[in-house]
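Peer 1: Have a look at the structure that comes next, please.
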Amino acid sequence: MQASMWTSYLIELYPHDMVKAMARHGWHTLELSDEHGHDLLKTGAPAQVGAEFRRFAADFGISFPQGHFYLANKGMRPEDREGRGVADIAPADETEFARAMDDMKRWVDLFNALGVKAGVLHVGGQKLESQGWSPERILAHRARAIREVAEHAQGGVTEICLENLTPRIGFASAAHAKEVLAAVNMPNVHVCLDTGHANISGVNCAAFIRELGSHLKALHIADNLGTNDDHMLPYGRGTVPWAEVMAALREIGYTGLFNFEVPGENRCPMPVREAKLDYALQLANWMIANG
């Protein structure tokens, strides 16, 4: 495992400045956030932009083995605010579905060029239940969307890692995750465990890890109080049982990034945030070695 930070921790910085800041604080592996992905995609053809940014980051000793596919349909800069909304890779409308697939293919091309090995993805179809779709129909529609993305990704370095959310907007349990994997039936589709989401869903993180085993290819490490997605660093006020989590990760031989997704820690002046960035790296390395 290698220590990693989700780049949205420095969300105000544009991608090139973000890389420089992370390098100054000793980070070498990162998960590219969807906001920074949007920034890059606005600048040119995905494959070319990804290759150029990969070379730029490498000059500072930084790589992006993990990335988050789009959470919103647009970025978060001032020019993006109009029309910004939640992204959905599996909408009911066929025209919207085709547009979502076109968007996702651009993201896959960007991630492949960047060298992203684990592309974290929400399964989509958030509104289908409220539109009267049955669970079986929802699962089939989600599987169709994921399969189309995975088929486009085949032959590249990027694998698709489905993130646990809640039963209504995705899946929460390991059993449901395996059901989705079986429905998709693609060798390049795996799972990302978000420990914060598991904690507020009442899911035992260690048991989830053990049940998924080799299908676990990515992590979002965050803590909370069990009610809201607070996105806090481990070993604070949160209730995730970290010793059990780390033991389970070692037991299955997990080799992906140990990636902090902690935007709850960045609501402070930049000097304080940078001090936390230094502490977070020490904490991640300690947890990997001793946790």
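Peer 1: Quick one: in the range 275-291, which of the residues that are in contact (Cβ under 8 Å) with a residue 60 or more places away in the chain and surrounded by fewer than 16 Cβ atoms within 10 Å (Cβ to Cβ) is farthest from residue 6 (Cα to Cα)? Break it down into steps so the answer makes sense when it comes.
Peer 2: Step one: filter the range 275-291 for residues in contact (Cβ under 8 Å) with a residue 60 or more places away in the chain, giving 277-278, 280-281, 284-285, 288.
Of the ones still in play, those that are also surrounded by fewer than 16 Cβ atoms within 10 Å (Cβ to Cβ) are 278, 288.
On the way: 278: 14, 288: 17 Å.
That would be 288.
Peer 1: Let me ask something else. If residue 68 satisfies all but one of (1) touching a Gly at 6+ places or on another chain (Cβ under 9 Å); (2) more than 24 Å from residue 165 (Cα to Cα), what's the number of the condition it fails?
Peer 2: Tallying (1) touching a Gly at 6+ places or on another chain (Cβ under 9 Å); (2) more than 24 Å from residue 165 (Cα to Cα), residue 68 fails exactly one: (2).
Peer 1: Run down 168, 84, 99, 142 and say which single residue is of a type in the set (Lys, Arg) and over 30 Å from residue 199 (Cβ atoms). Even if it seems obvious, please write down each step before you answer.
Peer 2: Working: 168 fails: over 30 Å from residue 199 (Cβ atoms); 84 fails: over 30 Å from residue 199 (Cβ atoms); 142 fails: over 30 Å from residue 199 (Cβ atoms).
Checking each option against the conditions leaves just 99.
Peer 1: Right, something else. Report yes if residue 152 is out of contact with any Phe, Trp or Tyr (no Cβ under 7 Å at 6 or more places or on another chain) and within 18 Å of residue 73 (Cβ to Cβ), otherwise no.
Peer 2: Working: out of contact with any Phe, Trp or Tyr (no Cβ under 7 Å at 6 or more places or on another chain): yes; within 18 Å of residue 73 (Cβ to Cβ): no.
Criteria not met by residue 152.
Peer 1: Right, next: Which condition number in (1) under 15 Å from the mean Cα position of the chain (by Cα); (2) touching a residue at least 40 places away in the same chain (Cβ under 8 Å) is the one that residue 157 fails?
Peer 2: It is condition (1) that residue 157 fails.
Peer 1: For the subset of the range 21-62 comprising residues that are among the charged types (D, E, K, R) and surrounded by 15 or more Cβ atoms within 10 Å (Cβ to Cβ), which member is nearest to residue 152 (Cα to Cα)? First the steps, then the outcome.
Peer 2: Within the range 21-62, the first condition is being among the charged types (D, E, K, R), and the residues that meet it are 24, 31, 34-35, 39, 42, 52, 54-55, 59.
Right, trim to surrounded by 15 or more Cβ atoms within 10 Å (Cβ to Cβ) and you get 31, 34-35, 39, 52, 54.
Working: 31: 21, 34: 19, 35: 22, 39: 22, 52: 22, 54: 21 Å.
Ranking the qualifying residues of the range 21-62, first place goes to 34.
Read-outs throughout are calculated quantities, based only on the coordinates presented, and are distinct from any laboratory measurement. Computed from a predicted structure; not experimentally measured. So basically every Cβ, Gly included, is an ideal-geometry build from the backbone, and we count neighbours across all protein chains shown.
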